[in-house]
1. Could you list, in sequence order, all residues of region A:86-138 that are open to solvent by 40 Å² or more (accessible area, probe 1.4 Å) and among the acidic types (Asp, Glu)?
2. Quick one: would you say A:Trp45 is open to solvent by 10 Å² or more (accessible area, probe 1.4 Å) and within 13 Å of another protein chain (Cβ to nearest Cβ)?
3. Could you list, in sequence order, all residues of region A:179-213 that are of a type in the set (Ser, Thr, Tyr) and either touching a Cys at 6+ places or on another chain (Cβ under 7 Å) or without any contact (Cβ under 8 Å) to a residue 24 or more places away in the chain (or both)?
4. Against the definition (farther than 30 Å from A:Leu93 by Cα, open to solvent by less than 90 Å² (accessible area, probe 1.4 Å), modelled with pLDDT of 80 or more and more than 8 Å from chain A (Cβ to nearest Cβ)), how does B:Asn55 come out, yes or no?
5. Would you check if there is a residue in region A:5-25 being open to solvent by 20 Å² or more (accessible area, probe 1.4 Å), of a type in the set (Phe, Trp, Tyr), within 19 Å of B:Ile31 (Cβ to Cβ) and out of contact with any Cys (no Cβ under 6 Å at 6 or more places or on another chain)?
6. For the list (1) under 25 Å from A:Ser192 (Cα atoms); (2) among the charged types (D, E, K, R); (3) open to solvent by 50 Å² or more (accessible area, probe 1.4 Å), I need the number of the one condition that A:Arg67 fails.
7. Restricting region B:18-35 to residues that are out of contact with any Leu (no Cβ under 7 Å at 6 or more places or on another chain) and at the interface with another protein chain (Cβ under 8 Å from one of its Cβ atoms), which is nearest to A:Ile86 (Cα to Cα)?
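The values are calculated or read from the model by the stated rules, or taken from the named source; none is laboratory data. Bear in mind the structure is a predicted one, so any value in this text is a computation, not a measurement. We place every Cβ from the backbone using ideal geometry, glycine too, and count neighbours over all the protein chains shown. These accessible areas exclude ligands, DNA and RNA; they are computed on the full protein's heavy atoms, side chains included. Shrake-Rupley method; radii C 1.70, N 1.55, O 1.52, S 1.80 Å.
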Amino acid sequence: MIPIFSFAAIVLLVAGLYVGFFVAPTDFQQGEAYRIIFIHVPAAWMSMFLYVVMAFWAGIGLAFNTRLSSMFATAIAPTGAMFTFIALWTGALWGKPMWGTWWVWDARLTSELILLFLYIGFMSLQAAIDDPRRADKAGAIIALVGVVNIPIIYFSVQWWNTLHQGASVSVTQAPAMATTMLMGMLIMVFASWMYSIAVILKRTRVIILERESHTAWVAELQRKETV
Amino acid sequence: MNWSSASEFFSMGGYGLYVWGSYIVTFICVIGEILLISNRRRTLEKRYSLIHDLNKKEMPNETTS
């Protein structure tokens with residue numbers, strides 16, 4: 001599974017970057033600076049999407065006491081935090097030439113920053129508790145409470161008067177951007193998905209091995225590998 | 001094709017710092033994440049084989065399949 005997703009991620013990444021840099025035209029307002037969109041939007045979408053997935057599995061782990069779902073949630077957090085950081089970083093580098101400022105305390109930016117803190121809080125809390133099962137439960141609670149932030153991020157551009165623009169792409173309306181720009185962006189979104197799946201599965205496997213080290217099957221596996 | 005020369009491509013219409021600053025940092029994050037996970041896995045494998053070696057020494061009669 002992991003090689004398939006890794007391969008798909010690389011192919012889509014190359015295709016997305018090609019479309020983004022060589023096919024998509026120059027924006028009539030923003031010039032070439034808009035090309036940051038090809039990482040900014042996928043990263044921002046992934047940061048929110050991964051949080052929901054993480055909270056979902058953490059919640060399942062909390063409700064049904066299934067260890068694997070909790071481990072999966074733990075594995076998602078660093079990748080989600082990374083995408084949140086990238087969204088904020090590329091946003092700052094985009095904001096400087098377009099808005100004239102790296103950072104502004106408006107609703108969209110602030111709620112995305114809170115998302116980063118939620119990821120960091122989740123990871124720190126789990127790291128601070130020695131017993132992994134208790135860490136899972138404590139983490140699940142912070143993850144579930146934090147879900148409330150996701151709709152706030154998403155609708156922040158409608159609810160408040162923000163410097164950040166509204167959504168250019170929505171399910172119900174035709175997207176307000178050129179087709180090739182949209183294509184490049186969507187390919188990059190799929191690349192991010194494939195990348196996230198590959199990386200998260202890989203991290204999940206490591207976490208399983210770490211946590212289940214006392215069990216017979218890990219010892220068995222080890223025996224096979226060393227012989 | 002948008003670019004007539006390589007230097008034009010790298011300058012990004014004067015926004016090179018912002019565009020490449022975004023792409024390079026993203027690239028570093030992604031590569032860094034992959035390396036961190038591989039490293040974590042390798043450490044784990046090393047530790048396990050160490051434990052296994054110790055077990056072997058303690059139980060010399062154990063048959064390994």
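1. Answer for region A:86-138, where residues must be open to solvent by 40 Å² or more (accessible area, probe 1.4 Å) and among the acidic types (Asp, Glu): A:Asp130, A:Asp131.
2. So A:Trp45 does not fit the description; no.
3. Residues satisfying the conditions are A:Thr179, A:Ser213.
4. Working: farther than 30 Å from A:Leu93 by Cα: yes; open to solvent by less than 90 Å² (accessible area, probe 1.4 Å): yes; modelled with pLDDT of 80 or more: no; more than 8 Å from chain A (Cβ to nearest Cβ): yes.
For B:Asn55, the condition - farther than 30 Å from A:Leu93 by Cα, open to solvent by less than 90 Å² (accessible area, probe 1.4 Å), modelled with pLDDT of 80 or more and more than 8 Å from chain A (Cβ to nearest Cβ) - is not met.
5. Yes - at least one qualifying residue is present in region A:5-25.
6. For A:Arg67, the exception is condition (1).
7. Applying the filter and picking the extreme gives B:Thr26.
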